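Working notes, beginning with the structure itself.
Read the figures in this text as sums done on the coordinates, not as results from a lab. Only a predicted model underlies this, so the values are computations on that prediction, with no experimental measurement involved. Virtual Cβ from ideal backbone geometry, glycine too; neighbours counted across all protein chains shown.
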Amino acid sequence: MSSIIEDIKSRLNIVDVAGGYLKLEKAGGSFKACCPFHNERTPSFFISPSRQTYHCFGCNKGGDIISFVEEIEGLDFQGALKVLADRAGITLTRERPGAKDERDAIYSALELATRFYEAVLPKFPEAGAYLTNRGLTQETVKHFRVGFAPDEWRSLGDFLAKKGISESVMERAGLIVRSPKGFYDRFRGRIMFPITDSSGRVIAFSGRILKEEAGKTLGASASAKYVNSPETEVFHKSRALFGLALAKEAIRHANACVLVEGQMDLILSHQAGVKNTVASSGTALTSEHLDLIKRFTKNIILAFDADDAGMRASHRAVEIALSQDMSVRIARLPKGMDPADVARKNPTMWIDAVKNAKQVIDLYLELLPELHTEKAELREKVSEIIVPFVALLKSPIDQGHYVGEVAKLLGIKEEPVWDEVKKRAKMANVAREAEKLEYKVAPISRQARIIRTIEGGLRWQEGIAEPALKNIPEYRAQFAKLLEESPPDSLETISSDELIFEAEARFHGSEHMEKELNELLHNLKEEILREKFTTKMTELKQAEIKGDVSLAEKLLAECQAISKEIHALTKNII
């Protein structure tokens, strides 16, 4: 492997590779750019051609050509190596499945599954007919490695087993499902679309049902139209974009990314010539999806029907993109048509729609008066849709321009528009800060179990001649103080004998009861704080919904204070 790495590094220059992602400027014997790994306006990211390394003096990230590709593409070492090997014209040889670690075995299983589905497709004319009827050419089918999963319980599983893939690896790859009678294939009777990472490795699948009666689990009454792989070690739906590996070069070249929803939208878009298209595969767009796109461009183009339903569908995506300082344009489609319909029936219309996409706020300023002719209704829609977008803009000049346009549209002065924009901006800032504080809070029942265990342990120790605890009154005082902060449901309904029996069973023979009790008190304190945090976060979200900025800011400060306490407690600072 080391010889391959050396060969790659000898053939590629980090300046050329980084230049494909960043706008580089000469700086003496080095090159500089704004760092792609954190937001900044003044360049602090430097590349040394002589050392073939990079370093950012802002976020302190640095390394060689391989770590650069790992970071900017969001790949592991093997994935980055594949990207660079392809660029250098070097063939990477993969070891047999299981020869390395389990992660490589998962990739191998997914690649073999893709080949299996591809090989099976020609044997099922109905599946091929479906793809032809949807407008896909044979060349496109092969390019996207579209396949078919037979409507059989174990066809893929048996094939992979013969190739030396264990059931454990198949399950971890999301390809099979276990049952009391053994395992069965997850995908059956479906057109199969492989989802890859940005290096082109298959990480998951999306399967479209061919016949309504196909692919049912035993006892099921209906099958979902689309079934996606579950989350695995290599697939996280919030970070995966369908078609990114095939689109990234076109995205760089066009300096724009067309974002659609489904597999057919994307495939037919590419077939029509708009190759800088990616899809969220039917899942909600996330900030992590946009982080992937931002590695190649800050400009996105969304496509939707020019009606209220279409606007609602894209509203959240626009908000997330604007909050990340991305430029958002909208490609308008004929009513009732999606990108796949337009690209299939009239490829030129689809190309023109993307080419003529309008900046999102400009489009809404044009569209809302057409959809809402009543003045009161128009004011409500402008306040609901356009003003929050203006508040998310990072440029004061852009904000000033659109405040003027909104005032002109509504026939009012700019001051009330500015007041609303500032209010929305504050609320958006509170919401962003609140998102950073989100916790996966343990159920309150865990707190109740801890209280029950402590109470039982103290009662047991208080009732024996030679207690293991040296200072029971001190523990009682600590416990009582915590219960004052969060009074529990009454323990009186549980018999003392039952509590003592549980405690004796748990602690009897333990040489570290004091340590265990201290840990329980520590855990109880943490649970109480998390319960407070949850309550305050709920109140904060209600304040955001009501638009009460001052209350929201006050509650945010309280949430931040509790968050600090939790972090300190988990680090044993308090």
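Brief remarks on what is shown
- Segment residue 44..residue 534, full-extension length gain: 172.5 nm, with 0.36 nm per residue of separation and the alpha-carbon distance subtracted.
- Within the same chain, lysines fewer than 8 places from residue 515 are excluded, and of the rest, those with a Cα less than 22 Å from its Cα are 470, 481, 525, 571.
- Contour excess over end-to-end distance, with Cα ends at residue 483 and residue 373 and 0.36 nm allotted per residue: 33.7 nm
- Averaging the Cα positions of each part gives two centres, and for region 156-216 and region 371-398 these lie 46 Å apart.
- Under 20 Å from the Cα of residue 345 - aspartates and glutamates, other chains or at least 8 residues apart: 139, 261, 265, 305
- Ordered by the count of other Cβ atoms within 10 Å of each Cβ, fewest first, 297, 538, 91, 283 give 91, 538, 283, 297.
- Taking every DSSP helix (H) stretch of at least 4 residues in the chain, weighting each as -39,500 (n - 2.57) and dividing the sum by the residue count yields a mean residue ellipticity at 222 nm of -17000 deg cm²/dmol.
- Taking the longest Cα principal axis of the chain as reference, the axis of helix 414-436 is set at about 60 degrees.
- Volume per residue of the convex hull around the Cα atoms, evaluated for region 244-434, comes out as 116 Å³.
- Volume per residue of the C-alpha convex hull in the chain, rounded to whole Å³: 237
- Reach of residue 123 by Cα under 27 Å, taken over lysines that are not fewer than 8 positions away in the same chain: 142, 162, 163, 211, 216, 225
- If you plug the beta carbon distance of residue 426 and residue 352 into 1/(1 + (r/R0)^6) with R0 = 56 Å, you get a FRET efficiency near 0.90.
- From least to most packed, judged by other beta carbons within 10 angstrom and beginning with the fewest, 364, 21 follow the order 21, 364.
- The slack in the chain from residue 111 to residue 554, taken as 0.36 nm per residue of separation less the alpha-carbon distance, amounts to 154.2 nm.
- Cα long-axis angle, helix 244-254 against the chain (0 to 90 degrees, to the nearest 10): 60
- Separation of the residue 238 and residue 119 label points, Cα + 7 Å toward Cβ, nm: 3.8
- Two-site FRET efficiency, residue 225 against residue 511, from Cβ-Cβ distance with R₀ of 60 Å, rounded to 0.05: 0.50
- 27 Å Cα-Cα threshold exceeded, pairs from 23/408; 32/294; 237/554; 248/381; 32/358: 23/408; 237/554; 248/381; 32/358
- Pairwise label distance in nanometres, residue 59 with residue 496, each label 7 Å out on the Cα-Cβ vector: 6.0
- Leading residue at positive end of dipole, region 444-570 (Cβ point charges), from 540, 448, 529: 540
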